[in-house]
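A quick write-up on the structure given underneath.
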Number of protein chains: 2
Amino acid sequence: MLKQYLLTPGPTPVPERVMLAMARPIVHHRMPAFTAIFNEAAEGLKWIFQTKQPVLQLAGSGTLAMEAAIVNTMKRGDKALCVVGGKFGERWRNICKAYGIETVNLDVEWGHAVDPQAVKAALDADDKITAVFSQANESSTGVRHPVEEIAKLTATRERVINVVDAVSALGAFDLPMDKAGFDVLITGSQKALMLPPGQAYIALSDKAWARTESSDLPKFYADLKREKKAQSGGETAYTPAVTLTIGLVESLRMLKEEGLENVFARHDQLARATRAAVEALGCKLYAPTAPSPTVTSVWGPTGLDTGKIVKQLRDKYGVSITGGQDAVKGKIFRVAHLGYFGVFDILTSVTALEMALTDLGVQIQRGVGTAAAEAILAAGPPQK
Amino acid sequence: MLKQYLLTPGPTPVPERVMLAMARPIVHHRMPAFTAIFNEAAEGLKWIFQTKQPVLQLAGSGTLAMEAAIVNTMKRGDKALCVVGGKFGERWRNICKAYGIETVNLDVEWGHAVDPQAVKAALDADDKITAVFSQANESSTGVRHPVEEIAKLTATRERVINVVDAVSALGAFDLPMDKAGFDVLITGSQKALMLPPGQAYIALSDKAWARTESSDLPKFYADLKREKKAQSGGETAYTPAVTLTIGLVESLRMLKEEGLENVFARHDQLARATRAAVEALGCKLYAPTAPSPTVTSVWGPTGLDTGKIVKQLRDKYGVSITGGQDAVKGKIFRVAHLGYFGVFDILTSVTALEMALTDLGVQIQRGVGTAAAEAILAAGPPQK
């Protein structure tokens, strides 16, 4: 038996309580029993989005919600400013392109956060830009972007909205939608919300909802006005992913029991422990200036294809982490601390890494990564 | 304890084996363990679609697959012939409209199947029509449309494809894609495939795939060319509904164990028993000339709002069936026999109906519906 440990930044592990809730007999989505479940999930989503706006549930992956953000708030002739510093930034650009929306690309060196001054300069230079698209957390590089600073820039510009992909961020660190002034905020089920993939969530500010009135891009399944109307009545326009809504109620209850501040502090603590461990092992952080609270990206030891580390961890130890994608494939590896992660998931990653690196001939001292992590984790789970 | 019986035409009951399979720990969708699962599901889908074509798995509801069918095979200036004889026929028209595709509507009286001669006449009258959209089973009315006849009409027309929504049909009665010549065939997870909602499946003929090369409607999440490329490599373009793919492997195994012929014969037997029972109770079939093998629609007793029957069944007996939608709301009720349904699910519906009708003051003789159903069901499950 090679016991399996899923320690990836999405899908993330699903708590036993949630798995059991989802294994219950199916409920019909147009019946009162489901409406009660749906409404509890909808209220919980408002709580975790920190918004008074309705948070819509969509049957699909995060990419569907990204597409919905574009086709509902943009119109022909609009220009989009896309912050592109990783695979998901590129996705914003690609979806815009598919719908004929011209993009201005703010290319950011991978591993770095966008400079808000560069966003300001781009907005000042082109008044045809009507939206800024970015990631709260670019999970392909493990970078946290300053989306609150971007929101300040768009708040003073009547014709510009900010759209934040928080798929690998929301519920893991503080992204208070209404307070920060995010106009569109998106997440997915399989990250901090501790569910299997298959459901996405999206909320719009009043400013963004106003834009849906003049948006002229074609849409049907992703039509948010139709969903808003249906969901205000406790059901969805089309058949929802019923089991995920049932699971969502359970996972939101767990997060409420822990408390939002503690959830954020836990992610921060696990992230700090992970960074301390890999640095103690002599590895260099890939994103030292803006490290993500949900996934730590690390340069591989010089000359070593990080794909080999990922494979060794998976095949010999049953530990699944992720490597680099696209431009940094083979160059970095990524250790997750997102969602249903506790102290010993981090220590599993770190001890497995110590063994795998040694297996692959990297000169490290066993136990030094572990010691560095323990020093931070011994404080116990955050309790505020 | 009011024990609940979900006897609706979607979501349909999920077998215990499938629920347990889906309750297993989550698997990462970019790892070899998932590829093996994904490929088994993909092969099983080809078997149940009766096609050599790849059957693509989409994270979303059946409506997403309907939209995908349109945006991938149509181009600006094309006209669509939509068979509209119920709520889902109207959906074809509405999605076409959302994408600027002009429609010719072949309106069919609700409760009746389309006449293939009317389809032929419409095609002959307008050579700008490049596709016929219809339902194999219009679940809002409980009607089976002659989609094989429509396929014969389009087969001889080089520029016309036929697109079949088989969401509430595929896997319940014989729809052999390659043999019948369906160009696009669609289904969803929550019907005959016995899964929770949240995944849709779509296959295209060579003729339909050729159309994707010239299709110029905007798409991203529903881009089937991108999905075909990704799925030929054992993964999806975007994060899939992992648990549903895992469940699909299990439900397809169950269907294979039963055998496709027996699955179809079981649905036919249950449908005949249901029709015999309601007629014995003095109720009139809503669609006597083209009754659906998956859902039986029935006129309510004169003067009685069928919503009251549905409510009585649900609130007093815990039995969930469905009423009429839109134009026939309050006028019909619908008894399902779709997916994980056996003999005693039908007898539950029939006996509950006998009790509810009596409660509501309808003069019926208790047991006559049951007797009529038993006479058909006593033959035992079909074994070919």
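The values are calculated or read from the model by the stated rules, or taken from the named source; none is laboratory data. All values derive from a computational prediction rather than experimental measurement. Every residue, glycine as well, gets a Cβ built from its backbone with ideal geometry; the counts of neighbours run over all protein chains shown.
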Residue list for the range B:298-327, restricted to those being of a type in the set (A, V, I, L, M, F, W, C) and either modelled with pLDDT of 95 or more or closer than 16 Å to B:Leu281 by Cβ (or both): B:Val298, B:Trp299, B:Leu304, B:Ile309, B:Val310, B:Leu313, B:Val319, B:Ile321
B:Val83 being hydrophobic (A, V, I, L, M, F, W, C), touching a Leu at 6+ places or on another chain (Cβ under 6 Å) and surrounded by 23 or more Cβ atoms within 10 Å (Cβ to Cβ): yes
Hey, B:Pro13 farther than 26 Å from B:Lys228 by Cα and touching a residue at least 12 places away in the same chain (Cβ under 8 Å) or not: yes
Selected residue [touching a residue at least 60 places away in the same chain (Cβ under 8 Å), among the β-branched types (Val, Ile, Thr) and not assigned by TED's automatic domain parsing to the domain that holds A:Gln135] from A:Thr294, A:Thr351, A:Thr358: A:Thr294
Residue that is nearest to the chain's Cα centre (by Cα), among those in the range A:23-66 that are in a helix (DSSP H, G or I) and at the interface with another protein chain (Cβ under 10 Å from one of its Cβ atoms): A:Gly62
Pairs, first more than 13 Å from every other protein chain (Cβ to nearest Cβ) in the range A:224-245, second part of a loop (DSSP other than H, G, I, E, B) and basic (Lys, Arg), C-beta under 7 Å, six or more apart: none
Selected residue [outside any loop (DSSP other than H, G, I, E, B), closer than 15 Å to A:Gly300 by Cα and out of contact with any Gly (no Cβ under 7 Å at 6 or more places or on another chain)] from A:Thr370, A:Thr351, A:Thr358: A:Thr358
Qualifying residue in the range B:324-346 (condition: of a type in the set (Lys, Arg) and either touching an Asp or Glu at 6+ places or on another chain (Cβ under 7 Å) or in the same structural domain as B:Ala169 (by TED's automatic domain parsing) (or both)): no
Members of the range B:263-295 that are among the aromatic types (Phe, Trp, Tyr) and surrounded by fewer than 22 Cβ atoms within 10 Å (Cβ to Cβ): B:Phe264
Filtered residues of the range B:213-223 (kept if within 14 Å of chain A (Cβ to nearest Cβ) and not small (Gly, Ala, Ser)): B:Asp216, B:Leu217, B:Pro218, B:Lys219, B:Phe220, B:Tyr221, B:Asp223
Helices (runs of 4 or more DSSP H) wholly inside the range B:189-286 that include at least 3 residues being closer than 30 Å to B:Gln363 by Cβ: B:260-280
Qualifying residues in the range A:139-190 (those that are among the polar types (S, T, N, Q) and within 14 Å of chain B (Cβ to nearest Cβ)) - the one farthest from A:Val263 (Cα to Cα): A:Ser140
Test set (1) touching a helix residue (DSSP H, G or I) at 6+ places or on another chain (Cβ under 8 Å); (2) buried (at least 17 other Cβ atoms within 10 Å of the Cβ); (3) within 13 Å of another protein chain (Cβ to nearest Cβ) - A:Thr8 fails condition number: (1)
